[in-house]
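Written below as structure tokens is the structure these notes are about.
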Ligand SMILES: Cc1cc2nc3c(=O)[nH]c(=O)nc-3n(C[C@H](O)[C@H](O)[C@H](O)COP(=O)(O)OP(=O)(O)OC[C@H]3O[C@@H](n4cnc5c(N)ncnc54)[C@H](O)[C@@H]3O)c2cc1C
Ligand code: SF4
């Protein structure tokens, strides 16, 4: 028998970035809010303290801050003819766990998508004609950049982002990204200084006529206080940023920016070790009545009634919960019908490593968002018809860490062990740098999420199944980036240069880390036949269910997703506050 | 522990004690006050590895990161202790991984860890298979071969020339991965003894504070490493 808890106005499933944002926005309305987090509680002190946090083996290699596949994972296959197999040990992406979610151990690279990305299908058709491949299911966002702008701004000012504006209200600012969508004001903090690798890249890019600018990131360049009186102190460039919690209150994280203030509110409560199993629906299926979660401390199921259920569980988990709860029709790639699981997407990256035997890069000096970028090959700047692909990439050079187990760049052909390897690590550690292209990924009929027929999670629920592979369009995009990067690399005159770009025919490999930029599966749109949630991130069929996160992206942007995730969360929060609460109903 | 015939790491032991003496006596006097020297590898009582497995690990890591040439080897940095400790802990048990069946160990390697075996079980089952192959191919078990033949045998293992069972396929990969982890991880995990590997490559370990050095472009950082437990090299 499930225990039943006292009803709340709002239950948030998951307590990472989006849970913290929605929690604060709705707690400010005076509602009774409960956040359920399946992981542990964690805070800067004692959990991220120096020096225990900066332990490469524990957190970088054994992934101490990530979700344990034993407690929950998914299955993966490359196409419909393959049998999906469990993602048993983490590699290519690293879902977070515990209070703060992946927001505690992200890199902090923070972006707003380019202007073409909000209406990508119509932009492509209008500008380049009928070039979208038949199986490519990209679509427009149902809201415009202008509508979202105040919400991007809000996220950047709450999270505490350092950067150099390039376009303020249409005025191009020297030193920033001239291709960015116009922002209403500057970043809250000036940009971070770059290490030597970023400087070299920026200089070389400039010499080629490109437009370098400092990476925008959730890393404090100075002291900062946000609207909740939450403080950040300047970053130490400690080199243990991505995959680690910040010991220094310098990284934008839900903890640093929001949670500590939210915890002080009497109408806000959070429970940890509370794994939400499903959203419960009323008998007519038209509303949710609350959620059922597994209370790991009491070892029992709990029914938590609520007026509003908001999924803030990270993109993949949001989609899984929808599939398990019967929210929205599951997607069927054979008929191209159904919406939940549709348009799953990911990120395609590539890059060069450059070796300079006489230069010192001190690779251990780094932040998650260090360095210099260019956006000259961003989507807005590419002729899709001429180049034969739809997409784009931003480029960045900036070391994040010099942790030697994971970050040991060696020239190709170096033996992987023995005397030759040992000699090479002595010769080459600290004498190389990288330039990366961080590329978009379109959505396709064949890349989708559904429930696995075989494998179950520890609670006996069907695991989610991911069907995903690289597609020719995007591989062409990344090869294009290679062709453009090669001359720039040559101009820098390294002793050795080697590339790491996927080639045509590349198969999805779950082993090496790529990104945790899993998007789509519950996309936002104007048409209930091709989207799972409407423009206010509200489920089409259950008006008191809202779904946050990158699962809303119709296709993946060329940037890291969290700027958009944060912007969408504030956009949805505003409409829930102003339009939904006074009169709960389908908003579209 | 028995004396292993032909174990190339004996030279390593001598070098290790010499290096240790240098650290304790000359290089950083503070070191001696901080930590007593750990037991010699020959005296070490493995937590989970059986004697034959320990002998294999000692011999294998001594070739994967040999003592000859510049920089410490896996023996001086006590990598075998690290491997034993890791295999005895959560990693060895695959405590964090999803290990329920059905399993398809023969699936494409691109699909990740698919064997039903834990890392410890892979070591336990692969070592005798590999030793047997060494015996048939080279006349002796791995630990008893000379260094050059050991290198050859490891190359065969890496290239999977013996067509090892699919459920043991990851053996070389984890053996090499664990060896490098033990070489470079914080010394509190049993390897990287005296932070020698960090000193060799110039990684400052757990300093984690470089604000004033960001703009010192192309200038070598001057300080040596510190460890999480406060050692200095
Ligand atoms: C190593 C790494 C580096 C990254 N770097 C960047 C970067 O530089 N830039 C960028 O834009 N993005 C980056 N990301 C992605 C970024 O972290 C995410 O986009 C962001 O955290 C998403 O916010 P969220 O609220 O959707 O999910 P999260 O912040 O992950 O929070 C979700 C929470 O929900 C909990 N949860 C899940 N399911 C349930 C359930 N059933 N019941 C209860 N609780 C549940 C989870 O445990 C988790 O705590 C990175 C991610 C990783 C892992
Ligand atoms: S690099 Fe800066 S922001 Fe990142 S963890 Fe270290 S001190 Fe914190």
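Please list A:48-61, A:369-382, B:213-226 highest first by mean number of surrounding beta-carbon atoms within 10 Å per residue.
Values: A:48-61: 20.9, A:369-382: 24.6, B:213-226: 15.7.
Those peptides, ordered most packed to least, come out A:369-382, A:48-61, B:213-226.
Computed as a quarter of the hull surface, the mean projected area of the alpha carbon convex hull for region A:73-119 stands at 5.9 nm².
Rounded to the nearest angstrom and listed largest first, the equivalent-ellipsoid semi-axes of region A:315-364 from its Cα gyration tensor are 45, 15, 5. Quick one: compute a quarter of the convex hull surface over the Cα atoms of region A:473-567 and quote it in nm². It is 9.0 nm².
Above 24 angstrom, tally the Cα pairs of region A:87-216 and express them as a % of all pairs, no decimals. Don't skip to the answer; put the middle values down first.
Details: 4102 of 8385 pairs.
Every Cα pair in region A:87-216 considered, those over 24 Å come to 49 percent.
With a ≥ b ≥ c taken as the square roots of the eigenvalues of the C-alpha gyration tensor of region A:285-371, please select rounded if a/c is under 1.5 and otherwise prolate if a/b is larger than b/c or oblate if it is not? Working shown, then result.
Details: a/c = 4.10, a/b = 1.88, b/c = 2.18.
Verdict is oblate for region A:285-371.
Spin-label model, residue A:360 to residue A:2: label points 7 Å out along the Cα-to-beta-carbon direction sit 6.2 nm apart.
By per-residue mean of other Cβ atoms within 10 Å, what is the highest-first order of A:98-106, A:328-336?
On the way: A:98-106: 27.3, A:328-336: 16.2.
Ranking, from highest mean packing down: A:98-106, A:328-336.
Here is the P(r) of region B:80-199: all C-alpha pair distances, binned every 5 Å from 0, give 2, 11, 18, 20, 19, 16, 10, 4, 0, 0 in whole percents. Quarter the surface of the alpha carbon convex hull of region B:129-196 and you get the mean projected area, 5.4 square nanometres.
Over region A:148-235, all Cα pairs binned in 5 Å intervals from 0 give whole-percent P(r) values of 3, 15, 22, 23, 18, 13, 6, 2, 0, listed from short to long.
Ratio of alpha-carbon Rg to the 2.2 N^0.38 Å globular estimate for chain A, to two decimals, please.
Details: Rg = 22.8 Å, N = 588, 2.2 N^0.38 = 24.8 Å.
Working it through for chain A, the quotient is 0.92.
Using only Cα coordinates, the Kirkwood hydrodynamic radius of region A:1-159 works out to 19.8 Å.
Shielding value for A:421-432 is 4, the average number of Cβ atoms from other chains within 10 Å of each residue's Cβ.
What FRET efficiency, computed as 1/(1 + (r/R0)^6) with R0 = 56 Å and r the Cβ-Cβ distance, is obtained for residue A:171 and residue B:68, rounded to the nearest 0.05? Display every interim value, and only then the final one.
Numbers: r = 63 Å, r/R0 = 1.13.
Efficiency computed from Cβ-Cβ geometry: 0.30.
A viscosity of 0.890 mPa s and a temperature of 25 °C, combined with the Kirkwood radius over C-alpha pairs in the Stokes-Einstein formula, give region A:511-562 a diffusion coefficient of 210 µm²/s. Reported to the nearest whole Å, the Cα centre-to-centre distance from region B:156-213 to region A:212-291 is 33. Region B:96-147 and region A:300-352 have their alpha-carbon centroids 38 Å apart.
Apply 1/(1 + (r/R0)^6) to the Cβ-Cβ distance of residue A:387 and residue A:461, taking R0 = 51 Å, and write down the FRET efficiency to the nearest 0.05. Provide the component values of the computation, followed by the final result.
Working: r = 44 Å, r/R0 = 0.86.
In this case the efficiency is close to 0.70.
Among the residues of B:89-102, the average count of other protein chain beta-carbon atoms within 10 Å of the residue beta-carbon is 5. The label-point distance for residue A:301 and residue A:479, in a model that sets each label 7 Å from Cα toward Cβ, rounds to 5.2 nm.
Using the reciprocal of the averaged 1/r over all distinct C-alpha pairs, how large is the Kirkwood radius of region B:35-100 in Å? Please list the in-between numbers first.
Details: mean 1/r = 0.0765 Å⁻¹.
Every distinct Cα pair counted, the radius reaches 13.1 Å.
Centroid-to-centroid, using Cα positions, region B:214-233 and region A:131-155 are 45 Å apart. Working from Cα pairs under 8 Å separated by at least six residues, relative contact order for chain A is 22 percent. In terms of overall dimensions, region A:1-87 has a Cα radius of gyration and Dmax of 18.4, 51 angstrom.
Under the 0.36 nm per residue contour assumption, what length would be gained going from the current alpha-carbon distance of residue A:79 and residue A:207 to full extension? Intermediate values should be presented prior to the final figure.
On the way: separation 128, 0.36 × 128 = 46.08 nm, distance 4.39 nm.
Using 0.36 nm per residue and subtracting the Cα-Cα distance, I get 41.7 nm.
Across peptide A:189-202, how many C-beta atoms of other chains are within 10 Å of each residue C-beta, on average? Let's see the in-between values first.
Numbers: counts 0, 0, 0, 1, 4, 3, 7, 6, 2, 1, 3, 2, 0, 0.
Going residue by residue through A:189-202 and averaging, the value is 2.
Peptide packing: for A:436-448, A:483-495, the average count of neighbouring Cβ atoms within 10 Å per residue gives the ranking A:436-448, A:483-495, highest mean first. The label-point distance for residue B:155 and residue B:47, in a model that sets each label 7 Å from Cα toward Cβ, rounds to 3.6 nm.
So if I average 1/r over every pair of distinct C-alpha atoms in region A:325-446 and take the inverse, what Kirkwood radius in Å does that give? One over the average 1/r among Cα pairs gives 17.9 Å for region A:325-446. Working note: 222 nm ellipticity from helices only, DSSP H runs with n ≥ 4, each -39,500 (n - 2.57), summed and divided by the residues of chain A, gives -5500 deg cm²/dmol to the nearest 500. Treating each Cα of region A:197-256 as one equal point scatterer and applying the Debye formula with no solvent, the log10 of I(q)/I(0) at q = 0.18, 0.21, 0.25 Å⁻¹ comes out as -0.72, -0.83, -0.98.
Taking the Kirkwood radius as Rh and the Cα radius of gyration as Rg, region B:142-233 has a ratio of Rg/Rh equal to 1.16. Hey, if you drop one equal point scatterer on each alpha-carbon of region A:427-514 and run the Debye formula without solvent, what base-10 log of I(q)/I(0) do you get at q = 0.10, 0.17, 0.22 Å⁻¹? So the normalised log intensities are -0.43, -0.87, -1.16. With the gyration tensor restricted to C-alpha atoms of region A:280-330, the semi-axes of the equivalent ellipsoid amount to 19, 15, 10 Å, longest first. Overall dimensions of region A:202-348, expressed as equivalent-ellipsoid semi-axes from the Cα gyration tensor (√(5λ), whole Å, largest first), are 38, 27, 13.
Each reported figure results from applying straightforward, stated rules to the coordinates on display, with no laboratory input. Because the structure is a prediction, the values reported are computed rather than measured. Using ideal geometry, Cβ is built from the backbone for each residue, glycine included, and neighbour counts are taken over all protein chains shown.
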